[in-house]
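**Q** Input: one structure, supplied below.
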Amino acid sequence: MAHNPGFLNLVNDAKSRVKEIDIKGYKQMVEAGEPHILVDTREESEWTAGHVKGAVHLSKGVIERDVETKIPDKNTKMVLYCGGGFRSALAADNLQKMGYTSVISLDGGWRAYTQAGLPVER
């Protein structure tokens, strides 16, 4: 998908402050049993079409409003994903501004996850 320059500038600015992990690193994290919550930041229609098994859904539109209710411990390790890693980076940046200390954006997002053949729910 081709993104507009203003959006890309915003994403790149957020990515300068956000920790990212690629799908290989995420698989290693899971295999090592590192405790974390996987958060799907995609829209409701995307979630309904398929999502990572065990993920929590907090779309980009509501994550800042609802995260403190769903994940009150601000030291909880969270890995956020979206379609390709752009919206999740924006959300991760905002969560850090809210005081969350261990937020990671999954670079490549849902596309990388499914291309790796990892388990999904529909």
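The values are calculated or read from the model by the stated rules, or taken from the named source; none is laboratory data. Fair warning: this is a prediction, and the values are worked out from it, not measured in the lab. Positions of Cβ are generated from backbone atoms using ideal geometry, with glycine treated the same way; all protein chains shown enter the neighbour counts. All accessible areas refer to the heavy atoms of the entire protein, side chains included, with ligands and DNA or RNA removed. Shrake-Rupley method; radii C 1.70, N 1.55, O 1.52, S 1.80 Å.
**Q** What does the charge add up to near Met98, with Lys and Arg as +1, Asp and Glu as -1, over the other residues with Cβ less than 9 Å from its Cβ? Mind showing how you got there, number by number?
**A** Working: positive: Lys74, Lys97; negative: Glu64, Glu68.
Its environment carries a net charge of 0.
**Q** Counting every Cα pair in the chain, what percent are over 19 Å apart?
**A** Distances greater than 19 Å cover 42 percent of the Cα pairs.
**Q** Quick one: work out the % antiparallel among DSSP beta bridges in the stretch 13-122, nearest 5.
**A** In the stretch 13-122, approximately 15 percent of DSSP beta bridges are antiparallel ones.
**Q** Could you look at the chain and say what percent of its accessible area is carbon and sulfur, using a 1.4 Å probe and all protein chains?
**A** Ligands and nucleic acids excluded, carbon and sulfur reach 51 percent.
**Q** So what is the accessible area of the chain per residue, in Å², with the probe set to 1.4 Å?
**A** The answer is 53 Å² per residue.
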